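Remarks on the structure that follows.
The values are calculated or read from the model by the stated rules, or taken from the named source; none is laboratory data. These numbers come from a predicted model, not from an experiment. Positions of Cβ are generated from backbone atoms using ideal geometry, with glycine treated the same way; all protein chains shown enter the neighbour counts. Side chains are part of the model used for accessible areas, which takes the heavy atoms of the whole protein and leaves out ligands, DNA and RNA. Shrake-Rupley method; radii C 1.70, N 1.55, O 1.52, S 1.80 Å.
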Amino acid sequence: MADTLLDIRNLTIEATTYPPGEAPQDITIVNGVSLTLERGKVLGLIGESGAGKSTIGLSPAGYGRGGIRLSGEVWVNGRDILQGSPKELRQLRGKAVCYVAQSAAAAFNPAQTLMEQVIETTLLHGLATRKAAEARAVELFKQLGLPDPEHFGSRYPHQVSGGQLQRAMTAMALCPEPDLIIFDEPTTALDVTTQIDVLAAIKHAIKTTGVGALYITHDLAVVAQVADDILVLRHGEKVEMGSAAQIIESPQQPYTQALVSVRSIEHAPKPPTGNPLLTVDNVSAAYSNSKGNVLEGISMSLCAGQTLAIVGESGSGKSTLARAITGLLPPNQGQFLFDGQPLPKTLGARNKDTLRELQMIYQMADVAMNPRHTVETIIGRPLTFYFGLKGKARRKRVIELLEEIELGEGFIDRYPAELSGGQKQRVCIARALAAKPKLIICDEVTSALDPLVADGILKLLLRLQAKENVAYLFITHDLATVKAIADSIAVMYKGEVVRYGSRETVLSPPFDDYTQQLLASVPQMKLGWLEEALETRAN
Amino acid sequence: MNTFVLKLIAQRIALGLLLLLAVSVLIFVGTQLLPGDVAQSILGQSATPEAVANLRRELGLDQPAWLRYFDWLGGILQGDLGTALSNRQDIGSSLWGRVGNTLFLAFWTAIVAVPLAILLGLVAVRYQNRWPDRAISGTTLTAISLPEFFIGYLLIYLFAVKFNWFPSVSTVHSGMSLGERLHAIALPAATLTLVILAHMLRMTRAAILNVMQSPYIETAELKGLGTFRIIARHAFPNAIAPVVNVVMLNLAFLIVGVVVVEVIFVYPGMGQYLIDHVSKRDVPVVQAVGLIFAAVYIGLNMLADIIAIVTNPRLRHPK
């Protein structure tokens with residue numbers, strides 16, 4: 001075929017790991033994957049973490065992270081680049097193949113202006129004069145909808161927002177007019193309302209420039225909006241490949257079917273009953289170094305054994321509210337009532353029982369655990385601290401808790417490094433549960449997890465709630481999660497509650513503008529959603 | 001440059017001056033605490049009490065300490081460092097020439113050592129864990145491990161005695177041309193370079209390697225840039241702050257820590273002068289030299305802070 005841009009044949013990728021105290025092991029990250037991409041088309045690579053999608057995605061640039069070994073054939077523009085010398089690879093990178101990273105904020109050099117970085121490869125490969133390259137960059141800034149395109153390039157990375165940086169990185173990739181762009185989760189780190197704009201800008205840029213693209217993501221709904229074809233990967237192997245329509249509408253493999261139908265949780269919301277367990281009464285709070293309040297007059301309440309979801313984008317103040325409730329950030333106005341009693345504002349003023357009744361689970365399970373403690377120590381700490389359990393009694397209780405979280409006794413002597421992401425989060429849940437709390441604050445507990453794993457965690461949380469009658473204050477930016485588990489919902493925006501009520505009321509029209517926009521921005525698992533959403537928003 | 005950065009810099013300078021004032025108090029109090037009486041030590045054990053009392057009055061030692069401190073400080077602010085006790089000479093007139101000599105040696109050593117250290121650091125990163133890196137690290141580590149008097153004598157043996165290229169005694173005087181002076185200080189400058197090179201080089205290497213882990217370095221690699229361009233253009237600008245700090249500490253060492261080298265090469269610098277007067281218990285000289293050393297340390301570290309502020313894009317270009 002004359003118009004084949006990328007042809008990967010039987011690609012196998014291996015790495016050597018060095019587990020502590022053991023002999024080095026060879027592991028296979030990608031096992032015999034083949035794919036082809038025609039010029040000007042977009043192929044979506046989808047899979048969970050560890051599926052090898054980024055590793056495959058970077059292979060057309062001849063690049064492997066951390067000393068991995070590539071074998072097989074990777075043909076770009078009719079040449080097998082795995083046979084190329086380092087010099088030939090450098091000629092390829094930044095000229096024929098460009099890359100857009102997940103976190104543009106980290107992928108830009110903080111010490112150079114955006115323009116300098118956007119046109120760097122164009123100048124380096126001698127593709128245009130500085131003046132022509134700058135003109136093209138401004139043109140691209142305009143095309144990608146960046147504000148003030150004439151002067152955008154003179155700014156430094158820290159001076160623009162995350163969504164703008166992601167678009168600037170797309171401009172950087174497009175600037176040398178490459179044949180292929182690798183998009184590595186370009187919208188994953190963004191808020192949904194920002195994601196939709198960036199997604200539209202990327203799609204528009206791909207269509208107008210006719211560049212071919214590999215689009216790597218774990219979010220099937222997102223990739224369905226931009227890709228012509230989709231390749232589903234799992235454990236480094238191909239599961240299924242087909243057109244976007246075929247994968248979304250009639251997936252053949254059970255794994256793909258599970259991905260498409262994820263969020264199968266059914267949870268009937270309960271109406272508020274009895275006295276509220278936690279009442280937030282007109283609370284305002286500020287950080288010492290910021291001007292003005294981060295939280296402004298927040299009021300809400302939560303009943304025992306129920307779930308209150310707090311939804312909002314980054315900067316909305318939802319995590320700050322959690323810090324205020326836990327006593328880490330004393331509010332400057334208002335108060336919290338817990339079980340009818342006012343909560344002391346500062347952590348130091350609270351007694352042991354109050355501390356015990358209010359536990360927390362974090363987004364990053366792996367940094368919330370001491371890497372040098374075993375699971376027994378991690379879960380056992382609150383047992384000793386609150387209940388004075390020691391030795392055999394403590395170990396017995398830890399095993400009970402491990403069974404509660406569906407892991408079992410076999411995990412008791414493991415270290416956090418020997419657990420998967422989902423298992424780590426389960427251990428954190430067990431640690432919170434060990435204190436026998438009345439309320440657990442869950443701060444984005446499923447955000448760092450793959451969809452299927454996150455689903456398992458949510459199901460576990462619901463089961464534990466039914467059994468232990470524990471209440472959850474569930475902080476998240478993910479509306480799908482909210483729909484799955486909440487009894488009542490508070491939508492936060494810029495430090496204020498814009499909408500609050502039972503799940504039914506909050507998610508039913510008429511909507512306020514912000515909630516409307518938020519709901520409309522959540523990607524849906526159907527083709528053409530992006531266009532529909534943009535059209536609705538324009539009206 | 002914006003007002004925020006200017007304010008930060010002004011704060012640093014004000015802090016530096018305040019610190020210097022505090023150090024001047026410390027130096028003065030410290031020398032007061034030394035046992036023994038200056039008048040007594042000048043006149044010797046056999047002096048009569050009347051003679052000692054007379055001399056004390058003459059030297060102003062009968063005044064209260066705080067008054068003498070302000071006298072001393074006021075004099076220094078007007079450029080008067082006081083009078084040496086041992087030879088009754090004005091300290092300023094004999095010291096400034098020596099300070100000039102020390103600065104001359106430090107300046108030319110720095111001109112060679114700093115760029116060399118940074119360049120070798122960049123090369124060590126470029127060939128990380130390969131033979132150029134190991135050779136550079138090995139050599140400089142050896143140099144820093146040897147005492148400076150040993151290196152000094154080794155260089156004298158090789159280049160002065162064996163090959164007779166440079167003089168073993170680094171005498172400089174006002175009648176010499178720049179070329180003659182440079183020739184005279186070649187060996188002490190080389191000794192000092194070997195002493196300070198490793199520290200700066202290893203810090204440069206470590207700071208850049210730290211930055212090399214950043215995602216934007218991967219971006220640069222995927223742009224098809226060559227390794228040296230990545231290091232020089234993308235890594236080094238982000239590693240300036242830690243490197244500058246170490247460079248400044250070493251520059252300070254060149255001025256306050258050269259005593260041994262000055263003695264070996266009989267170089268008429270400040271260190272030699274200090275040693276001579278410490279042995280004579282000449283308190284005003286010790287105070288004056290101590291204050292100059294403190295000023296150098298504080299000044300250079302202040303400069304490092306200011307460079308770190310000015311090279312930080314987040315401070316230079318706020319949102």
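Just a few scattered comments:
- Think of it as helices only: each DSSP H run of n ≥ 4 in chain A is worth -39500 (n - 2.57), and spread over all residues that comes to -10500 deg cm²/dmol at 222 nm.
- Global geometry of segment B:50-96, whether rounded, prolate or oblate, following the gyration tensor of its Cα atoms and the 1.5 cut on a/c: oblate
- Taking the DSSP beta bridges with both ends in chain A, the antiparallel portion is around 55 percent.
- Relative contact order (%) - criterion: Cα under 8 Å, at least six apart; region: segment B:96-280: 34 percent
- Fraction of alpha-carbon pairs over 32 Å apart in segment A:4-261 - percent: 22 percent
- Carbon plus sulfur fraction of accessible area for chain B, probe 1.4 Å, in percent: 66 percent
- Residues losing 50 Å² or more accessible surface upon assembly, segment B:184-222, compared with the chain by itself, 1.4 Å: B:Tyr216, B:Glu218, B:Thr219, B:Glu221, B:Leu222
- Extension reserve of the A:Asn282-A:Lys207 stretch, reckoned as 0.36 nm per residue once the Cα distance is removed: 22.0 nm
- Average accessible area per residue (Å²) across the protein assembly as shown - probe 1.4 Å, nucleic acids and ligands excluded: 45 Å²
- Label point distance in nm, B:Lys162-B:Asp62, each placed 7 Å from Cα along Cα→Cβ: 6.4 nm
- Set of lysines with alpha-carbon distance to A:Lys352 below 22 Å, sequence-local pairs under 8 removed: A:Lys390, A:Lys436, A:Lys438
- Our helix-only sum for chain B, with -39,500 (n - 2.57) per DSSP H run of n ≥ 4 divided by its residues, gives a mean residue ellipticity at 222 nm of -23500 deg cm²/dmol.
- In order along segment A:145-151, phi translates into HN-Hα couplings of x, 7, x, 6, x, 5, 10 Hz, rounded to whole numbers, per the Karplus curve 6.51 cos²θ - 1.76 cosθ + 1.60 with θ = phi - 60° and x for Gly and Pro.
- Remark: spin-label model distance B:Asn2-B:Leu73 equals 3.7 nm, labels positioned 7 Å along the Cα→Cβ axis.
- FRET efficiency estimate (nearest 0.05) - Cβ-Cβ, A:Ala258 to A:Asp3, R0 30 angstrom: 0.30
- D_trans [Stokes-Einstein, Kirkwood Rh over alpha-carbon pairs] for segment B:38-167, 4 °C, 1.567 mPa s, µm² s⁻¹: 64 µm²/s
- Centroid-to-centroid separation of segment B:2-55 and segment B:256-319 [C-alpha atoms, Å]: 16 Å
- Taking amide H atoms as placed 1.01 Å from N in the peptide plane, the amide H of A:Arg414 lies under 5 Å from those of A:Val375, A:Glu376, each 5 or more residues away in sequence or on another chain.
- Spin-label pair B:Leu209-B:Thr139: with each label point 7 Å from Cα along the Cα-Cβ axis, the two points sit 1.9 nm from one another.
- Reachable aspartates and glutamates, given that their alpha-carbon falls under 14 Å from the alpha-carbon of A:Lys238 and they are not under 8 places away in the same chain: A:Glu48, A:Asp229
- When each of A:Lys53/A:Lys467; A:Lys424/B:Lys223; A:Lys203/B:Lys223; A:Lys203/A:Lys270; A:Lys207/A:Lys483 is checked by Cα-Cα distance, pairs over 31 Å: A:Lys53/A:Lys467; A:Lys424/B:Lys223; A:Lys203/A:Lys270; A:Lys207/A:Lys483
- Note that segment B:159-171 has calculated 3J(HN,Hα) couplings of 8, 9, 7, 6, 8, 6, 7, 10, x, 7, 10, 8, 6 Hz, one per residue in order, obtained from phi through the Karplus relation 6.51 cos²θ - 1.76 cosθ + 1.60 (θ = phi - 60°); glycine and proline are x.
- Taking amide hydrogens as placed 1.01 Å from N in the peptide plane, the amide H of A:Gly44 sits under 5 Å from those of A:Tyr215, A:Asp228, A:Asp229, A:Ile230, A:Leu231, each at least 5 positions away in sequence or on another chain.
- Rounded accessible area of A:His158 (nearest 10 Å², 1.4 Å probe): 20 Å²
- Evaluated on segment B:154-255, the Kirkwood hydrodynamic radius is 16.6 Å, with distances taken between all distinct Cα atoms.
- Couplings 3J(HN,Hα) of segment A:531-537, computed from phi: 4, 4, 4, 5, 5, 4, 5 Hz, in residue order, whole Hz [Karplus 6.51 cos²θ - 1.76 cosθ + 1.60, θ = phi - 60°; x for Gly and Pro].
- A versus B: buried accessible surface, summed, Å² (probe 1.4 Å, to nearest 100): 2300 Å²
- The value for segment B:96-280 of Rg(Cα) / (2.2 N^0.38 Å) is 1.19.
- Over the protein assembly as shown - Rg/Rh using Cα atoms and the Kirkwood inverse-distance radius: 1.07
- Cα pair count fraction exceeding 25 Å, expressed as % - segment A:177-293: 49 percent
- Anisotropy class of chain B from Cα gyration tensor, a/c 1.5 cut: oblate
- Convex hull volume per residue for segment B:95-206, taking Cα atoms only, in Å³: 113 Å³
- For chain A, carbon and sulfur atoms together expose 49% of the accessible surface, with a 1.4 angstrom probe and every protein chain in place.
- For A:Ser508 and A:Glu150, the FRET efficiency from 1/(1 + (r/R0)^6), where r spans their Cβ atoms and R0 equals 60 Å, is about 0.85.
- Working from Cα pairs under 8 Å separated by at least six residues, relative contact order for chain A is 15 percent.
- Taking every DSSP bridge with both residues inside segment A:4-261, close to 55 percent are antiparallel.
- Shielded by partner chains, segment A:150-165 residues - at least 50 Å² of accessible area, 1.4 Å probe, vs chain alone: A:Tyr156, A:His158, A:Gln159
- Whole-angstrom gap from segment A:273-296 to segment A:140-201, using each part's C-alpha centre: 35 Å
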